[in-house]
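Report on the structure given below.
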Amino acid sequence: KPISPRPWRPSVAKPPRSGSAAGRIGARAWRGAAMASNGDVPQVEKDIATIREGLRLMLTNELEEADKFWTASCDAAAGRKLKPGEHDPRGAFTFVGALTALLHGLATLENNQLSDALDRLQRTDELIDSEADWPGKTVLKGLCMLLMGMVQTLQGKRTQGVWLILRSWMWLRLLEAQALTYEGPERSLVRSTALLALGVFNLIISLLPRFFMQTASWCSGMKGDRDTAIGYLRTCWEEDGLLAPFAVVVLVGYQVDVRTFLGEPRSDEAFSEADAWLTWAEERFPGGVFFIGLRANFRAVSRDVQEALRISDSMAPMAQKLPALGLVMNARRASYAQASMDWGKAAVAFREAMQVYQKVGRRSFVPAMSANAALCHHMAGQEEQRDEMLAVALEYKAKHDKKSWDPPDKWAFALADGSREGTVDLELELYQIMTIKHRSTLFMSLEHTDVFLGKLKALEEKYMEDVDKRCRCLFLQAEIHRQCSSFEAGLKACAEGLALEPSLSEACKKKGYIQYMHFISAACHFYSGNLRDAKEALRKLEACSRSHELYYSCVFKTSQLNRRLGLEIKDAYLEVVVSNRSKLTLEAAVPAGTESIEWDFTLAEFSIGFHASFAPDGGGDSRMLQSLDKYDSNNGPVTGRFDTKGQPGKLVLTFDNTFSIMRSKTVLVRLQPDFLVLASR
C-alpha cells in the first residue's frame, strides 16, 4: 500500500499531535525550534535548534557554510559552563561537522579529503571519550566508529574498515536498551540518531559476504538483518525526528540502487515507497542535490531515461561550486546515453567527466574515463577520437610518479594496450562494462533491450569458432535476461554458456563468466520458485574457484541469495586454538603457477605473536614475510600478501603464545587463493 508523504513544515510550526509516540517525540523537537526563535528556551533546546540548522545547510547544498557553522558552534560551546543535568554538545557538533567536511571534500574533489575526514573523526572520538557516560555518548561513539570504518573502506582498506564497522557494535548494541527508551530533554535527538544508527548498521552487516559475517558473528554475536534494518529506518522517518532526512537517503538508496545491484527483481511496492519518501524530502529541502541525484536514479531504474537526464542536468548550476556534481552529472549523462545507444553523446559525456578531474589536478580515474570515451567513440565509428582517448590512457600509464592506480584505471591501461596489440574486441568490452559495471542495461527501454540483445546474438554467431568469446556473449545475454526478469531465457543462455566450460582456455576461466552464470542460474531458478535447482546452482558455484575477475561483482549477490535460501555454505575461515606457553604452526603447499598468496587472521581477544615465511622448493633460503610481536586483538584483523611469481614452495604461518602463562588464544585464519589448504605441522 503506497505511503502518503507528509506535507512540509517550516522550522517554526505547530507541534505534531501529542497522542502518539511520534507526536511526543516530534513535539519536543518542533517546540524547541519555535522557542529558540523567541529567545526563551532551555540550553538543550538551543543545541537541538543548532543541529537542525546545520543539517538544513548541509541538505540544501550549503556545505562550505555548514562546515563553518559547525566549527563556530563548537567554539561557542567550548567555554560554556554546564549546569547539572546538561551534556556537552561538542561531540555532536564535531561529529556532524566531520561528516559535513567529508561530503564537502568529496563534492569539491579536494585532495586527501578522506584522510582529513578520518583525522577529524578521530579527534571527535577523543572528545566523545572525555564525556561522562550517558545514552547520547553511546550513540555518538558507535556512529563515529561506524563512519570511520566506512571512510577506511573508501580508502581501499577493506579489512580494517569492515573491522571498525563491526567494532561499532560494541556501542550500538546498547542503543535499544538505553537510547530508544531515553526520556531526558535530548530525547528527540538521541532517539532519532539511535534509530538511524541501528538501521544503517544492520543494513551494512546484512549485505556483507559470508566470510565477513563469520567474523562479525564470531566477535560480537551480531548477525545483521535487512528487515530489522528497514524497520528502524522506516520508524526514524515516520517519527519525523532530526535525522529523518538521512533515513530517507538510506531507504531510497537501498530500494533503488542496492536491491537492483543485488539482482533482485523490481518491486512496484518498493518503488512506490521510494517515490513517497523522495517526495517528502523534496518538499522539505527543495533543490537538495542528494535528493535530486536519488530522484534521477529512481527515474532511470524506472526506464524513463529522458526524465532521468532532465533531472540530473538540473544540477548544472551548482557544478562550478561543487565539481563532483559536474562529474556525477556527466557520468550519468554517459550512462543514460549508453542506455539509449547514442554512442556519440555518451563519448562526449565521458570526455567532459574526464576534464572535471583534470581541471582540479586529479589523475585518478582520468584513464578510466578516457577509456570509456574511447569505447563509445569506437561504436560511433569515430576512429580518430577513439585513438586520441586511448592515447590519453597510455600517457597516464607512463607517469612513473604515481604507482597506486585504482582498478578502473588499471583496466583502462590493459584496454589501451590490448587495443594497440589487436587482442581486444572493443565492442564486446563495452557491452560487458555496460551490463556489469555501469548497469546501463537496467535503464534501457524494452525496445532498446531487444536491439542490444540482438547485437550480442550477432557477436555470438560471429565467434562460433572462438569458444572464449562465444561464452562471454552468452554470459552477457544471460545477465540481461535476468535483469529483465526473463528467467526462462536467462536459464537457456546459461545452459549454453556453461556447456562450453570444458573447452575454455585457462585465461578465460579466470574471467569469471562460468561463476557468474552459476549465480544467474541460481537467481533465475529462485525467482521462478524453483528452490531446489537454485540451491544446486549455488552449490556448483561454491565448488568453483574464487580467484576470478568478477568475484566482487558476484559475491555480494550470491551471499544475499544464500541467505534467502537459508543455505549453509562452508565457512571461509579456519578456527584454531593456540594453547598457553606454546606455538602453533600451519603450513600450505604453494604449487607452481600461483602468482600470489594472501592471508588474514582475526584474534578473538588479548594478544599473540605471529610470523609468516615462505620456503621455496629446491632447498632455497626461507624468506620472512611478516613478523608481529604480541599483536593486540583491539587492532583488528591482520592481512598479508606475497607475490610468488609462480614459484612453488611452502607458506608457513606461526602463532606464538609462549609468553602467556595462563591463557590460550582463539584465532580465525584464512588463506587465498582458496585452493591452498592450511594444515598444522
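The values are calculated or read from the model by the stated rules, or taken from the named source; none is laboratory data. If you're wondering where the values come from, they're calculated on a predicted model, not measured in any experiment. Quick reminder, even Gly has a Cβ in these numbers, built from the backbone with ideal geometry, and neighbours come from all protein chains shown. The accessibility values were calculated without ligands, DNA or RNA, using every heavy atom of the protein model including side chains. Shrake-Rupley method; radii C 1.70, N 1.55, O 1.52, S 1.80 Å.
Details
- The residues of the stretch 122-143 that are of a type in the set (A, V, I, L, M) and within 11 Å of ALA92 (Cα to Cα), listed by number, are LEU127, ILE128, VAL139, LEU140, LEU143.
- Every test in (1) modelled with pLDDT under 90; (2) of a type in the set (A, V, I, L, M); (3) surrounded by fewer than 18 Cβ atoms within 10 Å (Cβ to Cβ) is passed by VAL44 save one, and that test is (3).
- When the stretch 430-458 is filtered for residues that are of a type in the set (S, T, N, Q), in a helix (DSSP H, G or I) and open to solvent by 10 Å² or more (accessible area, probe 1.4 Å), only GLN432 remains.
- The helices (runs of 4 or more DSSP H) located wholly in the stretch 273-383 that include 2 or more residues which are at pLDDT below 90 and surrounded by fewer than 19 Cβ atoms within 10 Å (Cβ to Cβ) occupy 343-359.
- Restricted to the stretch 606-681, the set of strands (runs of 3 or more DSSP E) holding at least 1 residues that are more than 33 Å from the chain's Cα centre (by Cα) comprises 607-616, 623-632, 649-656.
- Looking across LYS410, LYS403, one residue alone is assigned to a helix (DSSP H, G or I), out of contact with any helix residue (DSSP H, G or I) (no Cβ under 7 Å at 6 or more places or on another chain), modelled with pLDDT under 95 and not polar (S, T, N, Q). It is LYS410.
- Qualifying residue in the stretch 173-181 (condition: polar (S, T, N, Q), in a helix (DSSP H, G or I), over 15 Å from the mean Cα position of the chain (by Cα) and surrounded by fewer than 22 Cβ atoms within 10 Å (Cβ to Cβ)): yes
- For beta carbons closer than 7 Å, sequence separation of 6+ or different chains, a first residue in the stretch 231-255 that is in contact (Cβ under 8 Å) with a residue 60 or more places away in the chain and a second that is assigned to a loop (DSSP other than H, G, I, E, B), the qualifying pairs are ASP240/ARG6; ASP240/PRO16; PRO245/PHE285.
- Selection from the stretch 459-479 of residues that are in a helix (DSSP H, G or I) and either over 20 Å from ILE520 (Cα atoms) or of a type in the set (A, V, I, L, M, F, W, C) (or both): LEU459, GLU461, LYS462, VAL467, CYS471, CYS473, LEU474, PHE475, LEU476, ALA478
- Among the numbered conditions (1) open to solvent by 30 Å² or more (accessible area, probe 1.4 Å); (2) modelled with pLDDT of 80 or more, the only one that LEU114 does not meet is (2).
- Those residues of the stretch 533-566 which are hydrophobic (A, V, I, L, M, F, W, C) and not in a loop (DSSP other than H, G, I, E, B), in sequence order: ALA534, ALA537, LEU538, LEU541, ALA543, CYS554, VAL555, PHE556, LEU561, LEU565
- Looking only at residues in the stretch 141-172 that are open to solvent by less than 10 Å² (accessible area, probe 1.4 Å), among the hydrophobic types (A, V, I, L, M, F, W, C) and closer than 30 Å to LYS46 by Cα, the one that is nearest to the chain's Cα centre (by Cα) is LEU146.
For (1) in contact with a Leu (Cβ under 6 Å, 6 or more places away or on another chain); (2) modelled with pLDDT under 90; (3) among the aromatic types (Phe, Trp, Tyr); (4) open to solvent by 20 Å² or more (accessible area, probe 1.4 Å), each residue gets a yes or a no:
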{"residue": "LYS535", "(1), (2), (3), (4)": "yes, yes, no, yes"}
{"residue": "LEU541", "(1), (2), (3), (4)": "no, no, no, yes"}
{"residue": "SER553", "(1), (2), (3), (4)": "no, yes, no, no"}
{"residue": "SER582", "(1), (2), (3), (4)": "no, no, no, yes"}
{"residue": "LEU586", "(1), (2), (3), (4)": "yes, no, no, no"}
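- SER559 vs. criteria of a type in the set (Gly, Ala, Ser) and under 30 Å from PHE655 (Cβ atoms): yes
- The lone exception for SER485 - which of (1) part of a helix (DSSP H, G or I); (2) within 32 Å of the chain's Cα centre (by Cα); (3) under 26 Å from SER335 (Cα atoms); (4) not aliphatic (A, V, I, L, M) it fails: (1)
- CYS484 fulfils the conditions (1) farther than 20 Å from GLU427 by Cβ; (2) open to solvent by 10 Å² or more (accessible area, probe 1.4 Å); (3) touching a residue at least 40 places away in the same chain (Cβ under 8 Å) except for a single criterion, (3).
- Subset of the stretch 413-429 that is aliphatic (A, V, I, L, M) and in a helix (DSSP H, G or I) - its residue that is surrounded by the fewest Cβ atoms within 10 Å (Cβ to Cβ): ALA414
- Any pair with Cβ under 6 angstrom, 6 or more apart, that starts in the stretch 140-162 at a residue that is in contact (Cβ under 8 Å) with a residue 24 or more places away in the chain and ends at one that is open to solvent by 60 Å² or more (accessible area, probe 1.4 Å) and assigned to a helix (DSSP H, G or I): LYS141/TRP171; GLY142/TRP171; GLN152/GLN160
- Filter result (surrounded by fewer than 17 Cβ atoms within 10 Å (Cβ to Cβ) and modelled with pLDDT of 65 or more) within the stretch 212-227: ASP225, ASP227
- Check on LEU476, farther than 27 Å from MET369 by Cα, surrounded by 19 or more Cβ atoms within 10 Å (Cβ to Cβ) and of a type outside the set (Val, Ile, Thr): no
- Screening the stretch 487-497 for residues that are of a type outside the set (D, E, K, R) and over 21 Å from TYR552 (Cβ atoms) and picking the one that is surrounded by the fewest Cβ atoms within 10 Å (Cβ to Cβ) gives ALA495.
- For the stretch 639-675, the set of residues classified as under 30 Å from LYS510 (Cβ atoms), hydrophobic (A, V, I, L, M, F, W, C) and open to solvent by less than 10 Å² (accessible area, probe 1.4 Å) consists of LEU651, LEU653, LEU668, VAL669, listed by residue number.
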